[in-house]
Amino acid sequence: MLAKRIIPCLDIKDGQTVKGIEFESLKNVGDPVKLGKYYSDNGADELVFLDITATHEKRKTLVELVKNIAKEINIPFTVGGGISRMEDAEVIL
């Protein structure tokens with residue numbers, strides 16, 4: 001039997017968590033640090049952070065925001081968006 005896991009995703013734009021359909025009609029849904037902690041405290045198995053505009057804007061992901069979220073959670077944490085080389089990922093680690 002396959003294990004069921006809950007893995008919410010924080011879609012990030014301009015430092016805030018947003019939700020929309022196919023990244024259109026985005027609505028701000030709150031502070032990513034608070035939402036990350038909420039998901040971690042309420043049974044999520046893992047958390048995904050996706051900086052949805054970093055690659056398009058040709059910039060690196062929001063490292064300080066990633067670090068602030070990581071301090072507040074105790075579940076596996078996956079980061080995407082704005083990481084084009086391994087050196088970029090090493091800054092986050």
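The values are calculated or read from the model by the stated rules, or taken from the named source; none is laboratory data. The shown structure was predicted, so the numbers you read here are calculated from the model rather than taken from an experiment. Using ideal geometry, Cβ is built from the backbone for each residue, glycine included, and neighbour counts are taken over all protein chains shown. In case anyone asks, the SASA skips ligands and DNA or RNA and just uses the protein heavy atoms, side chains included. Shrake-Rupley method; radii C 1.70, N 1.55, O 1.52, S 1.80 Å.
Of all residues in the stretch 44-61, those that are out of contact with any strand residue (DSSP E or B) (no Cβ under 7 Å at 6 or more places or on another chain) and either open to solvent by 60 Å² or more (accessible area, probe 1.4 Å) or modelled with pLDDT of 95 or more (or both) total 8. With respect to the conditions (1) at pLDDT 95 or above; (2) more than 12 Å from the chain's Cα centre (by Cα); (3) among the hydroxyl-bearing types (Ser, Thr, Tyr), residue 25 lacks only one, and its number is (1). Considering the conditions (1) touching a residue at least 12 places away in the same chain (Cβ under 8 Å); (2) surrounded by 12 or more Cβ atoms within 10 Å (Cβ to Cβ), residue 70 is excluded by exactly one of them, (1).
Look at (1) under 12 Å from the mean Cα position of the chain (by Cα); (2) modelled with pLDDT of 95 or more and you find that residue 74 fails only one, number (1). Residue 64 meets all of the listed conditions (1) open to solvent by 20 Å² or more (accessible area, probe 1.4 Å); (2) among the acidic types (Asp, Glu); (3) under 10 Å from the mean Cα position of the chain (by Cα) but one, namely (3).
The set of residues from the stretch 17-30 being in contact with a strand residue (DSSP E or B) (Cβ under 7 Å, 6 or more places away or on another chain) and open to solvent by 40 Å² or more (accessible area, probe 1.4 Å) comprises 19, 20, 26, 27, 28, 29. Exactly one residue out of 14, 41 is free of Cβ contacts under 8 Å to residues at least 40 places away in the same chain, open to solvent by 80 Å² or more (accessible area, probe 1.4 Å) and on the phi > 0 side of the Ramachandran plot: that is 14.
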